[in-house]
Structures are given as C-alpha cells and as structure tokens.
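What follows is a short report on a single structure.
Just so you know, all these numbers are worked out from the coordinates, no wet-lab data involved. Note that the coordinates shown come from a computational prediction; the quantities given were computed from them, not determined experimentally.
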Amino acid sequence: MSTTGLSGLNAGQIASLDTTQLAVLTKVQIGALSATAVAGLTTTQFNALTTTQFTSLSATGITGLTPTQIAGLATTQVALLTATELSGLTATQVAALTPAQSRR
C-alpha cells in the first residue's frame, strides 16, 4: 500500500490489518500513519510494532496514542520518545504514564 493510502486509513481500517501485514510496513509507511490510524491500532497490533517501527511514528502519530497504548509502553519505548513528541502529549496522555515510565 502506498504511503498516501496508509495516511488515509481510519481507525477501523487500521484495526483490520493483521500483525503480519503491519510487520512489513516500512519506516516511511509507519511514519505516514495519522493520529487517527495510530489510535486505531489494537493492543496486539501496537505491541507487535518493532522498535524501528515505533520510532518511525511521526510526532503527529504519537499524538494519536490512546491512554491504554501509552500505559502499555515499555520504559525503553518511552525513553525513545523525543522532547518534541513528549511535549506534544495531551494532559490525558501524560496522566496515562505509569510512575516507572515517567522516571525517564
């Protein structure tokens, strides 16, 4: 699927992809996911993202993380977030960080 096609996926469409389909997405394709698409990733899908894929999420994509997705981040993943990405989190997203995650 093209980067343009991926950027237009809604939450339901992204949720319909299986982890095998997500596994083959390139850094550019992952980076093209909108905040809505990122929010639509199921727990299984989100947990299946590789470190390379996770770090390829755009700052806009990061703003789409749900509180459940944020709470499920490993401390190593939180440590990979840039200052720009962290500053873009909403109050709800920040509140979802666990004490271990916020010791970053």
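Just to check I understand the Karplus step: with θ = phi - 60° and J = 6.51 cos²θ - 1.76 cosθ + 1.60, what whole-Hz values come out for the range 11-26, glycine and proline as x?
After applying 6.51 cos²θ - 1.76 cosθ + 1.60, I find 4, x, 5, 5, 5, 7, 6, 8, 5, 5, 5, 5, 4, 8, 6, 7 Hz.
Each residue of the range 56-71 in turn: what ³J(HN,Hα) in whole Hz from Karplus with 6.51, -1.76, 1.60 and θ = phi - 60°, glycine and Pro shown as x?
For the range 56-71, the Karplus-derived couplings read 8, 4, 6, 4, 5, x, 4, 5, x, 4, 7, x, 5, 5, 5, 4 Hz, x marking Gly and Pro.
From the helices alone, meaning DSSP H stretches of at least four residues, give me the mean residue ellipticity at 222 nm for the chain, per-run term -39500 (n - 2.57), in deg cm²/dmol to the nearest 500. Display every interim value, and only then the final one.
Working: 12 runs with 63 residues, N = 104.
After summing the helix terms and dividing by the residues of the chain, the value is -12000 deg cm²/dmol.
Which translational diffusion coefficient, to the nearest whole µm²/s, is obtained for the chain from the Stokes-Einstein equation, given a Kirkwood hydrodynamic radius over C-alpha pairs, 4 °C and 1.567 mPa s? Write down the numbers at each step before the final one.
Details: Rh = 13.6 Å.
Using the Kirkwood radius from Cα pairs, D works out to 95 µm²/s.
Leu17's amide H: which non-local residues (gap 5+, or another chain) put their own amide H closer than 5 Å, with H modeled 1.01 Å from N in plane and none for Pro or chain starts?
For Leu17, whose amide H was placed from the backbone, there are no distant partners under 5 Å.
How big is the range 30-80 in terms of Cα radius of gyration and Dmax, in angstroms?
When restricted to the Cα atoms of the range 30-80, Rg and Dmax are 9.6, 24 Å.
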